[in-house]
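A.B. asks: What follows is a single structure, and I will ask about it in a moment.
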Amino acid sequence: MKPIERLTAILAGEAADRWPFVPSIYEHGAALLGRTPAEVSCDAGLMADAAIAAFRAYQHDLVTVGIDIYNIEAQAFGCSVSHDETAVSIPGVTSHPLAGPEMPDPASPAIPQPGEGNRLGLIAEACRRVRQAIGGEVWVYACTGGPFSQAVELRGFNDFIVDIVTNPDAAHRLMARTTQLSIEHAERLSRVGVGVYLYESWATIPLIDPSIFGAFVVPYNRQVIQFVRRQFPATPPPAIVMGGNVSILIDFFLEAESSLVVCDFNADFDLIRSRTAGRPIIVRGCVDPKQIERGDWPPLSHAIGTLAAKAKGMSNFLWGCGCVPYHTPSEHVLRFKQMCLDAGRAARVL
């Protein structure tokens, strides 16, 4: 089966020839080009080349386009982003323009358009190039900062949490603003035919509790997801992506209509299996990418074996890991892939 056929099958609840393999490759793609993350993050051609080079090297079953995946929308809203073309670390947000004791008017930052001053159009162009090159073989996705994580970058985490507790109306007004940008950017990306992943790393448990997730993450992410599903039904289905303890949030992911939930190897798969059975949602089991970088094969083998045992009988499971570090040797990624495929083959025939 082609990767695109494999993913289509498992999302429909049908058996594929094997569990798909989907590592998270962002800055590592820059390494495959011999470039730094900062260089690639500001050039649509290089960003496309990095994603294509990674696919040619690893033949993974889903390709995501991006480098500093948490910064694009935040930068467009006015956050400063570090940019060191000699560093192998990814650029990061260095300022929060709405920080302070009192939240400024959330309507004050202008909603930007593609062009000078932001990279929204650059990301869309990189996605267009990747889809043109390999879109017939594999689903292509773009990573965007989710509405909650954008609000955190604008206000700063501590200030925004205080807003949620002491001034929830103001917090909701800011969330409405970031959701508007998310929808505009999701439309921009969907028009070039790629799927949309909403990265909500600032919503990870235990950074916030489930009640905040239900009130301030789910309804706004659902707006974006429903917009994409309604306006662009032919694109790969949108999803919320985050790590942490997602077991207790699984019903929220279903409520938000996410097509994917990311689970660490120690997640409660019995609960996740029961909640996702018969639903159009993929369960992505993840291991520690640092173990792949270091070549810590015995603990990595244990984690993979644990995932294989927990996922036995699940047609909607796929293999994954956190962001592959820049310096990870390619042969380590390939060995990790083979370990996953071998464990999956054994689990599916036992």
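Read the figures in this text as sums done on the coordinates, not as results from a lab. Just so we're clear, the structure is a prediction, and the values are computed from it rather than from any experiment. Note that we place each Cβ from the backbone using ideal geometry, even for glycine, and neighbour counts take in every protein chain shown.
A.B. asks: Per residue and in Å³, how big is the convex hull formed by the alpha-carbon atoms of the chain? Don't skip to the answer; put the middle values down first.
C.D. replies: Working: hull volume 42.1 nm³, N = 350.
Residue-normalised Cα hull volume stands at 120 Å³.
A.B. asks: If you don't mind, another one. So what are region 137-275's ellipsoid semi-axes, whole angstrom, largest first, if each one is the square root of 5 times an eigenvalue of the alpha-carbon gyration tensor?
C.D. replies: One finds semi-axes of 23, 20, 12 Å for region 137-275.
A.B. asks: Using a Förster distance of 25 Å, how high is the FRET efficiency between Ala12 and Asp296, based on the Cβ-Cβ distance and rounded to 0.05?
C.D. replies: Values: r = 36 Å, r/R0 = 1.44.
The computed FRET efficiency comes out at 0.10.
A.B. asks: Moving on. With just the Cα atoms defining each centre, how far is region 301-350 from region 169-215? Give it in Å.
C.D. replies: That distance is 29 Å.
A.B. asks: Please check the chain for the longest run free of GluC sites (Glu not before Pro) that are loop-located per DSSP (anything but H, G, I, E, B) and have at most 15 other Cβ atoms within 10 Å.
C.D. replies: It runs 138-350.
A.B. asks: Sticking with this structure for a sec: Rounded to the nearest 500 deg cm²/dmol, what is the calculated helix-only ellipticity per residue at 222 nm for the chain, with -39500 (n - 2.57) per DSSP H run of length n ≥ 4? Intermediate values should be presented prior to the final figure.
C.D. replies: Working: 15 runs with 166 residues, N = 350.
Helix-only estimate at 222 nm: -14500 deg cm²/dmol.
A.B. asks: Something else now. What is the calculated FRET efficiency for Glu5 to Ala99, with r their C-beta to C-beta distance and R₀ = 45 Å, to the nearest 0.05?
C.D. replies: Values: r = 47 Å, r/R0 = 1.05.
The computed FRET efficiency comes out at 0.45.
A.B. asks: What distance in nm separates the simple spin-label points at Gln231 and Arg56, each placed 7 Å from Cα in the Cβ direction?
C.D. replies: According to this spin-label approximation, the distance is 3.4 nm.
A.B. asks: Report the Cα centroid-to-centroid distance between region 28-57 and region 145-166 in angstrom, as an integer.
C.D. replies: 31 Å
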